[in-house]
Amino acid sequence: TRREGFSSIPNVKWDEIGGHDLLRQEFEDHIIGRIKYADDYKEFGVDLEAGFLLYGPPGCGKTLIAKAVANEAGANFIHIQGPELLNKYVGESELAIRTLFSRARTCAPCILFLDEVDALTTKRGKEGGWIVERLLNQLLVELDGAEQRQGVFVIGATNRPDVMDPAVLRPGRLGKLLYVPLPSPDERGLILKALARKKPIDDSVDLCALGRMEACENLSGADLAALMSEAALAAAKEKRTSGASTIKISHFKPALIKTSPSVSDEQ
Ligand code: ATP
């Protein structure tokens, strides 16, 4: 269970994530290397963007990636939901933001993950009114204090980058925008393989071929995880009647019928 706003080192490893190799490389250079080889970065004067925005459809691995970055870097991880911060501390949300960043600094190196960050950063003068405006200003103050931000890396995530105030996305704030797309047919195979690591998949099942099937079109990583669970459930049930000991393609077939894309084409 996750304790809102508290830090810990997540246990998500990169090999649990299918695809996203380019994103991994970006984070290796910008965050992981900077934490692991701080002296070298200093010696050579490497000065890279420390704020990121992961954007794209739901269920494609934004949270997983942020956790894996923290794990690889051996850094603490603080997970905050934008809307919760907004609603739980009405009238005190500015203080909540200050407290959050100061907590992140005390446990640096730290990845501060702001999920649904659009809730805190809607364009000024639009929905949300003055509370969001004050919150946004406080967030900008914290993000601009780059000097004191040493060791704190902020990763925002959103499905709606279009509603965000562009001020947040300037260099030095959440200046590096990275798109996390729906997986391609080959990436679906890689995700299925990653999801299968601790499951007794039958040797006869070709997960790459499965990922390329038309029935998997438009499935997100989260949909593929649901597919995998359905297949595992079908196999576990069959064990009771016929003693099945592995997950076979015959278990994936009914699971495919039950699984449909959670993200529509337009999203
Ligand atoms: P949201 O926008 O809804 O917060 P998200 O992009 O943060 O979505 P995650 O929470 O990272 O998505 O993914 C949800 C679940 O889907 C993960 O816990 C995992 O089981 C599965 N998943 C998504 N993408 C991948 C991937 N690339 N490799 C392996 N599993 C994945």
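The values are calculated or read from the model by the stated rules, or taken from the named source; none is laboratory data. On a predicted model such as this, the values are computed, not experimentally measured, just so you know. Cβ placement follows ideal geometry from the backbone for every residue including glycine, while neighbour counts extend to all protein chains displayed. Note: accessible area is taken over every heavy atom of the protein model, side chains too, but ligands, DNA and RNA are not part of it. Shrake-Rupley method; radii C 1.70, N 1.55, O 1.52, S 1.80 Å.
Residue separation times 0.36 nm, minus the C-alpha to C-alpha distance between Lys258 and Asp162: what's the value?
Between Lys258 and Asp162, full extension yields 31.3 nm more.
What does the charge dipole of segment 143-267 about its Cα centre add up to, to the nearest 20 debye, if the Cβ of each Lys and Arg holds +1 and the Cβ of each Asp and Glu holds -1?
On the way: 17 positive and 16 negative charges, 120 e Å.
Roughly 580 debye, rounded to the nearest 20.
Angle check, please: helix 185-195 long axis (alpha carbons) against the longest principal axis of the chain (alpha carbons), in degrees 0 to 90, nearest 10.
The angle comes out near 90 degrees.
Are there any chymotrypsin sites (Phe, Trp or Tyr not before Pro) in segment 28-70 that are in a DSSP loop and have at most 11 other Cβ atoms within 10 Å? List them by number.
In loop regions of segment 28-70 (DSSP not H, G, I, E or B), the sparsely surrounded chymotrypsin sites (Phe, Trp or Tyr not before Pro) are Phe44.
Of the cross-linked pairs Lys199/Lys258; Lys193/Lys237; Lys199/Lys248, which ones have a Cα-Cα span greater than 18 Å in the structure shown? Before the final figure, lay out the partial values.
Working: Lys199/Lys258 20 Å; Lys193/Lys237 22 Å; Lys199/Lys248 11 Å.
Lys199/Lys258; Lys193/Lys237, as the Cα separations exceed 18 Å there.
Among rounded, prolate and oblate, which fits the chain when a ≥ b ≥ c are the square roots of the eigenvalues of its C-alpha gyration tensor, a/c under 1.5 means rounded, and a/b larger than b/c means prolate?
Values: a/c = 2.24, a/b = 1.76, b/c = 1.27.
In terms of gyration-tensor shape, prolate.
What ³J(HN,Hα) values, in whole Hz, does the Karplus curve 6.51 cos²θ - 1.76 cosθ + 1.60 give for segment 160-169 when θ = phi - 60°, with x put for Gly and Pro?
10, x, 5, 8, 7, 5, x, 4, 5, 9
Report the accessible area of Arg103, computed with a 1.4 Å probe over the heavy atoms of all protein chains in place, in Å² rounded to the nearest 10.
80
Which residues among segment 172-188 fall inside the zone where the amide N is under 14 Å from a point 7 Å beyond the Cα of Glu214, along Cα→Cβ?
none
Sort 62-71, 234-243, 14-23 by the packing proxy (mean of other Cβ within 10 Å over each peptide's residues), most packed first.
62-71, 14-23, 234-243
Before anything else, pin down the relative contact order of the chain: Cα pairs under 8 Å, at least 6 apart, normalised by residue count, whole percent.
So the answer I get is 23 percent.
Within the chain, what percent of beta bridges assigned by DSSP are antiparallel, to the nearest 5? Mind dumping the intermediate values first?
Details: 3 of 24 bridges.
If we restrict to bridges inside the chain, about 10 percent are antiparallel.
Which one, Ser184, Ser204, Leu256, projects farthest toward the positive side of the charge dipole computed for segment 178-267 from Cβ point charges (K/R +1, D/E -1)?
The one lying farthest along the dipole's positive direction is Ser204.
Once you keep just the Cα pairs under 8 angstrom separated by 6 or more residues, what percentage relative contact order results for segment 7-158? Before the final figure, lay out the partial values.
On the way: 209 pairs, mean separation 46.6, N = 152.
The value is 31 percent.
Under 18 Å Cα-Cα from Lys36, which lysines qualify once same-chain neighbours fewer than 8 residues away are excluded?
Output for Lys36: Lys13, Lys67.
Each label point is 7 Å from the Cα along the Cα-to-Cβ direction; what then is the distance between the points at Ser250 and Arg134, in nm?
Output for this residue pair reads 6.5 nm.
Going by alpha carbons, how many degrees (0 to 90, nearest 10) lie between the helix axis of 249-258 and the longest principal axis of the chain?
That helix lies at roughly 60 degrees to the long axis.
What spacing in nm lies between the two simple spin-label points modelled at Glu84 and Lys198, each 7 Å away from Cα in the Cβ direction?
Label at Glu84, label at Lys198, 2.2 nm between them.
Apply 1/(1 + (r/R0)^6) to the Cβ-Cβ distance of Val46 and Ser8, taking R0 = 22 Å, and write down the FRET efficiency to the nearest 0.05.
My answer for the efficiency is 0.20.
Could you sort 72-85, 177-190 so that the peptide with the highest average Cβ count within 10 Å comes first and the rest follow in order? Could you put the intermediate results ahead of the total?
On the way: 72-85: 19.6, 177-190: 18.0.
Ranked by mean Cβ neighbours within 10 Å, highest first: 72-85, 177-190.
Would you mind checking the tilt of helix 93-106 against the longest principal axis of the Cα atoms of the chain, expressed as 0 to 90 degrees and rounded to 10?
80
What size of dipole, in debye to the nearest 20, comes out for the chain about its Cα centre when the only charges are +1 on Lys and Arg C-beta atoms and -1 on Asp and Glu C-beta atoms?
Roughly 880 debye, rounded to the nearest 20.
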